[in-house]
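Engineer: My structure is below; once you've seen it, I'll send some questions.
The values are calculated or read from the model by the stated rules, or taken from the named source; none is laboratory data. Remember, it's a predicted structure, so these values are computed and weren't measured experimentally. Because the Cβ atoms are built from the backbone with ideal geometry, glycine has one as well, and the counts that use them run over all protein chains shown. Note: accessible area is taken over every heavy atom of the protein model, side chains too, but ligands, DNA and RNA are not part of it. Shrake-Rupley method; radii C 1.70, N 1.55, O 1.52, S 1.80 Å.
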Amino acid sequence: MNEVWHRALTNLRGRLSEDIFESWIEPLRCDGFSGDVLKLRIPNRFYGEWINTHYRDVILEALGEAGGDETPPTSIEWEVDASLMPRPDPTPLRTPPDRARSSRTACAARTDLNPKYRFDNFVVGPSNQLAHAASVAVGSSPGRRYNPLFIYGGVGLGKTHLMNAMGHEVLRAKPDAHILYLSAERFTNEFIQALQNRRIEEFRARYRQGCDLLLMDDIQFLAGRDQTQEEFFHTFNALYHQDKQIVVTSDVYPQRIAEMEERLVSRFQSGMVADIQAPELETRMAILQQKAENENIELDQDVRLFIAQAVKSNVRELEGTLIRLAVKADLLGCPIDLAMAQETLAPILPSADRVTSVEDIQRAVCHYFSLRLSELKSKRRTRTIAFPRMLAMYICRDRLGTSYPELGRGFEKDHTTVLSAVRKITRQLEDEDPQVMAALNAIERKLA
Ligand code: ADP
Ligand code: MG
């Protein structure tokens, strides 16, 4: 059973960003299964709630894949085990997952940078050339020409990698530079905790004073979080007026971030905005080559070409695929050859009969809005849920042409509800509502 969990962890490592994996998944301990219930131990209750809301589905999915023919668990039972709590941290503001990081080098621990993400192992190609050049410029003279730097692009295309590389570069030139690297998700959590614990002054001091470089990853997480946006706006201004460099990443360009305050959007646009696109074939091959060398995986040219042709959308998936093949080769005691790669990758290869389903669309929408499928299908009518639900209905109708009664069943709603949702979104699109267009674009891209 432990083996299944182990494989699921490898799988999760491929699916989630490094930061998320280390923060939320690594500290978990598996106590096995009982029936179809997976038993996990967690450091504290806060953990359980957060994971349950955000990562439950992906954990269960990974277990499903890792278990092979065995029936995968369908639910998770949490048990708090305080001994999993890492040593007390001298910084009182840190949230529990942050404390759980342990595998960092001394220098990186101080800054939270990931030592694996550097300029020297970033493969440059036409798709990321601009973002790379801007990042190098920021790394060598922070707070000067490109301030703020805004990098946007789809998941797994190297935004976090570039951000960390900038951090290392700044630190190399100025070892005592104070660098804050964090995701907008963590900023939000810390802010909420600071409010709850009445430590807001401490929080502000941490972000607004004495910080030379602020690297804020995945800013789209702030969508609709008004109070956190307000806080970030003031943080931004405070740093900007001290000529401190600010770097922000997002999955879409500034105007397309859903529910983001106009004044923040205009701040983001005031500096340098650079995009990262999906890498071309040559770049994908170069990335595979580098990764294989780093991991001591033997990979012939023909296999490399085959993988690079099969996995197009993002670098994380490309790396994940390589690791999967390497694990399989290891288990079977055979080399990664073309036949083996073809057989293993057959399910992911594009084929005519792999069409998008209602559920695919629902999942893509949930992913975009950080919702659970059960919330999307629930009866709740708050805007944060009702809007994604309507949008999902619209996309299903638009892309799949499914009948209204059938969509009603798929969403556990009356068919008239679906009909009016589709009408409403159609109208908003005709009015060129920017929020609707932004969400639609991002989700369509994910489905493509
Ligand atoms: P994002 O933050 O855009 O979702 P990441 O920076 O986390 O993506 O990148 C995902 C993975 O792909 C990381 O392991 C990263 O090192 C790798 N990667 C992405 N782009 C490149 C590149 N151009 N060269 C080498 N590795 C890359
Ligand atoms: Mg990232």
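Engineer: Scanning the stretch 110-162 for residues that are within 9 Å of ligand 1 (Cβ to nearest atom) and assigned to a helix (DSSP H, G or I), which turns out nearest to Ser250 (Cα to Cα)?
Structural biologist: Among those residues, the one meeting the criterion is Lys159.
Engineer: Moving to a separate point now. Please work out if Arg208 is touching a residue at least 12 places away in the same chain (Cβ under 8 Å), more than 16 Å from ligand 2 (Cβ to nearest atom) and open to solvent by 10 Å² or more (accessible area, probe 1.4 Å). Please lay out each step first, then the result.
Structural biologist: Values: touching a residue at least 12 places away in the same chain (Cβ under 8 Å): yes; more than 16 Å from ligand 2 (Cβ to nearest atom): yes; open to solvent by 10 Å² or more (accessible area, probe 1.4 Å): yes.
Yes; evaluated as a whole, the condition is true for this residue.
Residue-wise test of (1) surrounded by fewer than 20 Cβ atoms within 10 Å (Cβ to Cβ); (2) within 16 Å of ligand 2 (Cβ to nearest atom); (3) not in a helix (DSSP H, G or I).
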position	(1), (2), (3)
Trp5	no, no, no
Leu9	yes, no, no
Gly14	yes, yes, no
Asp19	no, yes, no
Ser23	no, yes, no
Asp31	yes, no, yes
Ile51	no, no, no
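Engineer: Within the stretch 119-156, how many residues turn out to be of a type in the set (Gly, Ala, Ser), closer than 20 Å to Ser270 by Cβ and more than 19 Å from the chain's Cα centre (by Cα)?
Structural biologist: Of the residues in that region, 6 qualify.
Engineer: Ok, one more. If a residue has to be within 12 Å of ligand 1 (Cβ to nearest atom) and over 30 Å from Cys334 (Cβ atoms) to count, how many in the stretch 264-302 make the cut?
Structural biologist: Here the count works out to 5.
Engineer: So, one more: Only one of (1) in a loop (DSSP other than H, G, I, E, B); (2) closer than 24 Å to Ser140 by Cα is not met by Gly224, so which one is it?
Structural biologist: (2)
Engineer: Can you tell which of Val252, Val265 is within 16 Å of ligand 2 (Cβ to nearest atom) and either in a helix (DSSP H, G or I) or of a type in the set (A, V, I, L, M) (or both)? I'd like the intermediate steps shown before the answer.
Structural biologist: On the way: Val265 fails: within 16 Å of ligand 2 (Cβ to nearest atom).
Within the list Val252, Val265, the selection yields Val252.
Engineer: So which residues in the stretch 397-448 are part of a loop (DSSP other than H, G, I, E, B), of a type in the set (S, T, N, Q) and either under 29 Å from Gly153 (Cβ atoms) or open to solvent by 40 Å² or more (accessible area, probe 1.4 Å) (or both), if there are any at all?
Structural biologist: Ser403
Engineer: If you scan the stretch 235-261, which residues turn out to be open to solvent by 70 Å² or more (accessible area, probe 1.4 Å) and either at pLDDT 95 or above or among the small types (Gly, Ala, Ser) (or both)?
Structural biologist: Passing the criteria: Tyr240, His241, Gln242, Asp243.
Engineer: Name the single residue, out of those in the stretch 171-205 being open to solvent by 10 Å² or more (accessible area, probe 1.4 Å), away from ligand 1 (no atom under 16 Å from the Cβ) and in contact with a strand residue (DSSP E or B) (Cβ under 7 Å, 6 or more places away or on another chain), that is nearest to Lys244 (Cα to Cα).
Structural biologist: If we take residues in the stretch 171-205 being open to solvent by 10 Å² or more (accessible area, probe 1.4 Å), away from ligand 1 (no atom under 16 Å from the Cβ) and in contact with a strand residue (DSSP E or B) (Cβ under 7 Å, 6 or more places away or on another chain), then Leu180 is nearest to Lys244 (Cα to Cα).
Engineer: Given the criteria within 26 Å of Tyr55 (Cβ to Cβ), crowded, with 16+ Cβ neighbours inside 10 Å and among the aromatic types (Phe, Trp, Tyr), does Tyr368 qualify?
Structural biologist: yes
Engineer: Looking at Gly156, Gly224, which one is in the same structural domain as Ser141 (by TED's automatic domain parsing), within 16 Å of ligand 2 (Cβ to nearest atom) and touching a helix residue (DSSP H, G or I) at 6+ places or on another chain (Cβ under 7 Å)?
Structural biologist: Gly156
Engineer: Another question about this same structure. Return the total of residues in the stretch 206-221 being within 16 Å of ligand 1 (Cβ to nearest atom) and at negative phi.
Structural biologist: 6
Engineer: Something else now. Being away from ligand 2 (no atom under 16 Å from the Cβ), in contact (Cβ under 8 Å) with a residue 60 or more places away in the chain and basic (Lys, Arg), is that true of even one residue in the stretch 238-245? Quick ask: steps written out before the conclusion?
Structural biologist: Filtering the stretch 238-245 down to residues away from ligand 2 (no atom under 16 Å from the Cβ) leaves 238-245.
Add one more test, that the residue is in contact (Cβ under 8 Å) with a residue 60 or more places away in the chain, and what stays is 240, 243-245.
Filter once more, so that each one left must be basic (Lys, Arg): 244.
Yes, that holds for at least one residue.
Engineer: Would a scan of the stretch 168-179 turn up a residue that is part of a strand (DSSP E or B) and more than 16 Å from ligand 2 (Cβ to nearest atom)?
Structural biologist: Checked against the condition, which is being part of a strand (DSSP E or B) and more than 16 Å from ligand 2 (Cβ to nearest atom), the stretch 168-179 yields at least one hit.
Engineer: Here's a follow-up. Filter the stretch 184-196 down to residues that are in contact (Cβ under 8 Å) with a residue 40 or more places away in the chain, out of contact with any Leu (no Cβ under 7 Å at 6 or more places or on another chain) and more than 16 Å from ligand 2 (Cβ to nearest atom) and give me whichever is farthest from Ser135 (Cα to Cα).
Structural biologist: Gln193
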